[in-house]
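First comes the structure, then the notes that go with it.
Just so it is clear, none of the values below were taken in a lab; they were calculated from the coordinates. All figures in this text were calculated on a predicted structure; none of them were measured in a lab. Neighbour counts run over all protein chains shown; Cβ positions are idealised from the backbone, glycine included.
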Amino acid sequence: MDEFLEEVKWDKLIEATQESIYMTSISVFATFILGMVLGLLLFLTNKGSLWQNRGVNFVIAAFVNIFRSIPFIILIVLLIPFTKVLVGSMLGANAALPALIIGAAPFYARMVEIALREIDKGVIEAAQSMGANHFQIIFKVLIPESLPALISGLTVTAISLVSFTAMAGVIGAGGLGHFAYLEGFQRNRPMITLVATIAILILVFIIQLIGDYFTKRTDKR
């Protein structure tokens with residue numbers, strides 16, 4: 001067992017873990033912002049909602065559905081020209097961020113829309129009858145009422161992003177996926193692959209614990 005553990009390059013493992021955390025945290029933050037905007041627009045421009053607009057709703061829904069349907073590994077390849085222009089390289093942690101954000105934001109947008117649809121319409125109507133304007137309804141009714149579901153959805157999205165970073169690592173983005181593939185699989189060192197997998201699982205468990213904690217804290221039921 002000690003011989004196998006000696007194969008693991010712990011300094012590289014720590015560096016790879018830091019890269020995975022960096023990619024995940026930046027992409028989760030950007031996904032939250034973009035996903036919230038898209039999800040709110042999907043809900044608000046839908047039929048019978050505050051900003052009902054069939055054309056805008058169709059365009060946003062089409063964007064969300066298209067990018068949500070593209071497999072992530074294919075999305076990375078499709079975005080290589082855009083990534084080169086934006087970042088200046090197709091390798092490294094920063095190069096993975098555009099694909100991570102564009103791949104995850106539409107997914108989270110749908111979860112935001114679903115969370116908002118679950119709000120009792122009577123609550124919205126009560127706010128309108130009290131003279132609340134649209135922005136007050138959004139920030140004082142819609143978001144607070146759906147907060148547990150929004151946090152739960154973000155937790156699921158963050159866990160998906162961890163797996164996305166692992167896939168991105170296979171094509172040179174760095175992180176634990178790159179470490180497992182390059183140092184473990186290609187050099188026939190299964191212990192390195194196993195250790196990298198355990199590190200990914202620990203990240204997932206930590207994200208789930210944090211998400212569950214805040215979901216319970218914000219749930220009024």
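Brief remarks on what is shown
- The dipole here belongs to the stretch 151-221: it is taken about the Cα centre, uses +1 on the Cβ of Lys and Arg and -1 on the Cβ of Asp and Glu, and is about 200 debye.
- Ranked Val85, Val141, criterion: other C-beta atoms within 10 Å, fewest first: Val85, Val141
- Using Cβ point charges alone (K and R +1, D and E -1), the dipole size of the stretch 85-210 about the Cα centre works out to roughly 320 debye.
- Estimated from helices alone, the mean residue ellipticity of the chain at 222 nm is -25500 deg cm²/dmol (sum of -39500 (n - 2.57) over DSSP H runs with n ≥ 4, per residue).
- Those GluC sites (Glu not before Pro) in the stretch 106-213 that DSSP places in a loop and that have at most 12 other beta carbons within 10 Å: Glu118
- Top of Asn65, Asn57, Asn133 by mean-square fluctuation, Gaussian network on the chain, Cα under 10 Å: Asn133
- For the chain, the calculated P(r), taken from all Cα-Cα distances in 5 Å bins from zero up to the bin holding the longest distance, is 1, 7, 13, 15, 15, 13, 11, 9, 6, 4, 2, 1, 1, 0, 0 percent.
- Between Ile80 and Trp51, the modelled label-to-label distance comes to 3.7 nm, taking each label 7 Å out from Cα in the direction of the beta carbon.
- Ascending count of other beta-carbon atoms within 10 Å, so fewest first, for Phe135, Phe63: Phe135, Phe63
- Rounded to the nearest 20 debye, the dipole magnitude of the chain is 860 debye, with +1 charges on Lys and Arg beta carbons, -1 on Asp and Glu beta carbons, and the Cα centre as origin.
- Positive-pole candidate from Ile74, Ile171, Ala149, dipole of the chain, charges at beta carbon: Ala149
- Cα shape, the stretch 110-221, gyration tensor, a/c 1.5 rule: prolate
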